[in-house]
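This report concerns only the one structure given below.
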Number of protein chains: 2
Amino acid sequence: MREAKRMIGRRAAGGIAAGTAMALATPNLAAATPRIRWRSPGSFPKSVDTLWAAHERFCQKVSELTDGAFQLVPSGPGEIVPALQVMDAVGQGSVECGFTGAGFYFGKDPTLAIGAAVPFGPSSRHTWSWLQAGGGREIMRDVYRDQGVHAIPMACTGAQMGGWFRKEIRTPEDMKGLKFRIAGLGGAVVTRLGAVAQQLAPGDIYPSLERGVIDGAEYIGPYDDEKLGFHRIAKYYYYPGWQEYAPSVDMMVNAKLWDALPAHYRAAMEAAGTETWHWVMARYDVLNPPALRRLIGSGTLLRAYPRDVLAATYRATQEVYAELGEKDGRFRRVWEHWDRHRLEQVQWFRVAEDSLANFIAVSTAR
Amino acid sequence: MREAKRMIGRRAAGGIAAGTAMALATPNLAAATPRIRWRSPGSFPKSVDTLWAAHERFCQKVSELTDGAFQLVPSGPGEIVPALQVMDAVGQGSVECGFTGAGFYFGKDPTLAIGAAVPFGPSSRHTWSWLQAGGGREIMRDVYRDQGVHAIPMACTGAQMGGWFRKEIRTPEDMKGLKFRIAGLGGAVVTRLGAVAQQLAPGDIYPSLERGVIDGAEYIGPYDDEKLGFHRIAKYYYYPGWQEYAPSVDMMVNAKLWDALPAHYRAAMEAAGTETWHWVMARYDVLNPPALRRLIGSGTLLRAYPRDVLAATYRATQEVYAELGEKDGRFRRVWEHWDRHRLEQVQWFRVAEDSLANFIAVSTAR
């Protein structure tokens, strides 16, 4: 925080960021291969090693693609900017770029949540097709620009888990009064079901669950959850993670710096983003199954949310969207855009993709 | 073909390809940003506009990432190399690189099929996680190197459709005697079911089906199939495409040229490959649903393969793999590697991914 203030102080004094912007704007450099070094603070601590590795990998890829000319230096939360102020620091130009999730900032603008993860949102493939070929990047552009940033989708976890509970969830009634740590718009949804939503930083979840301050918590999936040790204090592990089906987090770049960047450096950042987005998911896909086996081996009881709990949650979610859309015309417009895409994809996937997935799942069941 | 002979003639005379390799090997150039121009013949005609667009996009991305220094010039099948000789031309160095599918060449080495698509293979996401984080690229490396090429996964269609038939397929018995156009290892599978497998080039499928030379044909999916007009001569459109769940096709680069390429040019080709692989699938995902609606609107009858037909096909597939594995130790080793990955992923996906996909499919059914 002190460091972040120092950064902002520097900027006020016409410091590093502004200097970099001017250097980039110099015509002879813009046409060539300027040597650039940017700071890239991130919201994800080194303990979430998958996302930290993604941050390092992205920076490495940009360096490789530019033959070492364009260097990004990753740092963890609190090193130069606090975890949940990365977008602000980038937008204001106190740092050049940073790795964060738009969903953290939905209090500033609810539409930012659609750039990250919203309850019962699209699957990873539907998210990607929306972003890359369905007009998603284009419609989200202004949403990010209003925050002073250009956003490059950079990591996705795939479907998360529903969460850890000390007691079984048998009916929608069991959600009533439950103190549940849940991120983002998911909180508004469970509030409608009578739960008490809690927003807690990752490091605070375990002690809160241990002391009974909360009754349940969702975090990410088997690999990350195991490291935080939830299985030692909560027995029931629910799926699916309706609140985060395919959360996408971004490399955010100060918009003015982005516009001044040579085209091949912009291409390098975009390509590194795509490469890393899919690499992170591939890594999670490889790491999660053995982690889930270890959890089950240590006594965790895997449970599917009962169908009527999911159905009540789905209805509450639609109400939350309708309410947000009434208050905010842009949210409604963007939500309708991705919802059309999502529904079309869901319908099509029932034909060739899901039918084969389901046949194979049954045929290979052990 | 004449052009291909001319190319080979040139190469025999120590022509372009060898010259390029020598230029690349010059130390002062290797460290800098040499201007390179390579020919990139492809196996997919311009009429398959999605894959042709992928070919153009890949070349464009490589150019963007290298600030225009590294140029690839795409060409269609037969322009400089015949469609199904691209790998050979690249491996022999008569062209520098080319866009083709390893599955076309499984007659040379059955393990090549695993780099492309095999019956009841992994889904798109499981294919990608195998390639990028599950050791797939590494284990396939020597398989490609034996053909003289380095392969970069460059396009995926997602799950294809099962095919077009003039009559309904109600039981496994209905496959007996059926003359069915089917690509790759799928042919060996349907042969076990008593069908007569036909390998036909795309342009020959329609006239063969129209004249009754064949009784059915699989090609790709709604968007591409519609353009070939199968719905005008066959009423039943079956799903899922068990023979090609997530076919992956490659940019193949002559292995010696690849090794001599500056590291940031290799990085550019790899990044362009990843970007294009996912872009092609995103495009198919966006284009297929309206195409399927148009087909149904024009009278096509959509049919799911009956469960016992799929089950018989699945059993026949496992027999084909076992037989290939007995004959070829490397096939068995690679097949076991991806099959382990596939089964682990299928099991894990039943938890968080498929359960949510299925709930949403039912909740949004129209």
**Request:** Considering each residue of the range A:73-104, count those that are closer than 30 Å to residue B:68 by Cα and either basic (Lys, Arg) or open to solvent by 10 Å² or more (accessible area, probe 1.4 Å) (or both), and give that number.
**Result:** 2
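Residues checked against (1) surrounded by 16 or more Cβ atoms within 10 Å (Cβ to Cβ); (2) farther than 18 Å from residue B:352 by Cβ:
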{"residue": "A:246", "(1), (2)": "yes, no"}
{"residue": "A:253", "(1), (2)": "yes, yes"}
{"residue": "A:273", "(1), (2)": "yes, yes"}
{"residue": "A:290", "(1), (2)": "no, no"}
{"residue": "A:297", "(1), (2)": "no, yes"}
{"residue": "A:300", "(1), (2)": "yes, no"}
{"residue": "A:328", "(1), (2)": "no, yes"}
{"residue": "A:335", "(1), (2)": "yes, yes"}
{"residue": "A:346", "(1), (2)": "yes, no"}
**Message:** Consider the range B:209-227. How many of its residues are closer than 22 Å to residue B:82 by Cα and touching a strand residue (DSSP E or B) at 6+ places or on another chain (Cβ under 9 Å)?
**Reply:** 1
**Matching residues, the range A:148-169, being farther than 26 Å from residue B:50 by Cα, of a type outside the set (Gly, Ala, Ser) and touching a strand residue (DSSP E or B) at 6+ places or on another chain (Cβ under 8 Å)** = A:149, A:150, A:161, A:164, A:165, A:166, A:167, A:168, A:169
**Item:** In the range B:286-312, the residues that are at the interface with chain A (Cβ under 10 Å from one of its Cβ atoms) and not charged (D, E, K, R)
**Value:** B:286, B:287, B:288, B:289, B:290, B:291, B:292, B:302, B:304, B:305, B:310, B:311
**Prompt:** Quick one: in the range B:161-218, which of the residues that are touching a Ser or Thr at 6+ places or on another chain (Cβ under 8 Å) and of a type in the set (Gly, Ala, Ser) is least open to solvent (accessible area, probe 1.4 Å)?
**Reply:** B:217
**Message:** Take the residues in the range B:275-288 that are out of contact with any strand residue (DSSP E or B) (no Cβ under 9 Å at 6 or more places or on another chain) and touching a residue at least 24 places away in the same chain (Cβ under 8 Å); name whichever of them is surrounded by the fewest Cβ atoms within 10 Å (Cβ to Cβ).
**Reply:** B:287
**Message:** On the basis of being under 15 Å from the mean Cα position of the chain (by Cα) and in contact (Cβ under 8 Å) with a residue 24 or more places away in the chain, does residue B:175 make the cut?
**Reply:** no
**Message:** Among the residues of the range B:219-235, what is the count of those that are surrounded by 22 or more Cβ atoms within 10 Å (Cβ to Cβ) and not small (Gly, Ala, Ser)?
**Reply:** 7
**Count of residues meeting criterion [hydrophobic (A, V, I, L, M, F, W, C) and touching a Lys or Arg at 6+ places or on another chain (Cβ under 7 Å)] in the range B:231-257** = 2
**Request:** Can you tell me which residue within the range B:124-160, out of those that are buried (at least 22 other Cβ atoms within 10 Å of the Cβ) and of a type in the set (Val, Ile, Thr), is farthest from the chain's Cα centre (by Cα)?
**Result:** B:149
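The values are calculated or read from the model by the stated rules, or taken from the named source; none is laboratory data. Nothing here was measured: the structure is a model prediction, and the numbers come from that model. Every residue, glycine as well, gets a Cβ built from its backbone with ideal geometry; the counts of neighbours run over all protein chains shown. These accessible areas exclude ligands, DNA and RNA; they are computed on the full protein's heavy atoms, side chains included. Shrake-Rupley method; radii C 1.70, N 1.55, O 1.52, S 1.80 Å.
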